Amino acid sequence: MKTKHLRLMQRVYIILFFCFMYLPIAYMIVFSFNQSKGYSLFTGFTLKWYSSLLHNSSILSALRVSLEVALLSAVVATVLGTAASLGIASMGRKSRLVVTNITYIPVVNPEIITGISLMLLFVAYQRFADGVSWLPDTIIGFPTLLIAHIAFNVPYVIFNVSPKLKQLDIKLYEAALDLGCDPKQAFFKVILPEISPAILSAFLICLTYSIDDFMISYFNCGTVETLPIAIYSMTRKKVSPEIYALSTIMFVVILCIILISNAMESRNYRRDQKALRGEGV
């Protein structure tokens, strides 16, 4: 009886958890098809908000800026974070521990502190650049926004790639060197394929965090407006159902990317298992 009650409680907990996590998203998706602007009563099905979204230049402009910053910062942060992870992995135990703890600071640091500190840094650069002829007159705007996103994304890449490097058998790399590969070939043929799932995961995390970020972007965007900032500006009056439509599209796209990524990892895992059993030979 105790086992049955325990299983029942576990199922109830799981159902409540998923309801808490996904009911708000389901609610938003449903009301993106609502005929009226209200969000308390569903008056009828329509696609007009999706059609209206395609003609809303302010929202589309903010979305374009968010996607550009997210893609560029995710790519740069993934490259820098992966290189940093390789460097940290080659350090001694004490040095690696110190650097890892330092890397934790931007993650546990409140975003408002990170945003303000980066803003002060850019303002200080601006004052310094005013007296130097060969430096750009101003970088406040898209450049500062991009640098800020790269700065807070790099630690997440390190935390995703470093554990995978710890699990990596160094003997595989040494065997590749013994078999005639130079260090560069051994890295691209042995190390990189092994840590590629972690790199892809880190890239997707950076992409999501960058699109989602508001606080750091708010302090470092200048006159540039990202999607979260545009939505924040709308909340002073009333959020348009066009935002529900855009959020629904973004949710579906990100969900598809995650499902495709998991399917590819699962396929690669099954292929590796067959190779180990000798079925693919």
- Query: Can you pull out the residues in the stretch 138-177 that are acidic (Asp, Glu) and either under 23 Å from the mean Cα position of the chain (by Cα) or not in a helix (DSSP H, G or I) (or both)?
  - Reply: 169
- Message: Residues that are touching a residue at least 12 places away in the same chain (Cβ under 8 Å) and touching a strand residue (DSSP E or B) at 6+ places or on another chain (Cβ under 8 Å): does the stretch 234-241 have at least one?
- Response: yes
- Item | Failed condition for residue 42, given (1) in a helix (DSSP H, G or I); (2) touching a strand residue (DSSP E or B) at 6+ places or on another chain (Cβ under 8 Å) | (1)
- Query: Only one of (1) assigned to a helix (DSSP H, G or I); (2) charged (D, E, K, R); (3) more than 30 Å from residue 191 (Cβ to Cβ) fails for residue 37. Which number is that?
  - Reply: (1)
- Could you pull out the residue among 138, 144 that is at pLDDT 85 or above and β-branched (Val, Ile, Thr)? 144
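Return yes or no: is residue 116 surrounded by 11 or more Cβ atoms within 10 Å (Cβ to Cβ) and over 25 Å from residue 71 (Cβ atoms)?
Answer is yes for this residue.
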- Query: From the residues in the stretch 69-95 that are surrounded by fewer than 16 Cβ atoms within 10 Å (Cβ to Cβ) and not aliphatic (A, V, I, L, M), which one is modelled with the highest pLDDT?
  - Reply: 87
- Matching option when the condition is surrounded by 15 or more Cβ atoms within 10 Å (Cβ to Cβ), of a type outside the set (Phe, Trp, Tyr) and at pLDDT below 85, among 233, 266, 261, 217: 261
- Query: modelled with pLDDT under 90 and among the aliphatic types (A, V, I, L, M) - does that describe any residue in the stretch 125-134?
  - Reply: yes
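The values are calculated or read from the model by the stated rules, or taken from the named source; none is laboratory data. Quantities reported herein were computed from a predicted structural model and do not represent experimental measurements. In this analysis, Cβ positions are derived from the backbone assuming ideal geometry, glycine residues included, and neighbour counts consider all displayed protein chains.
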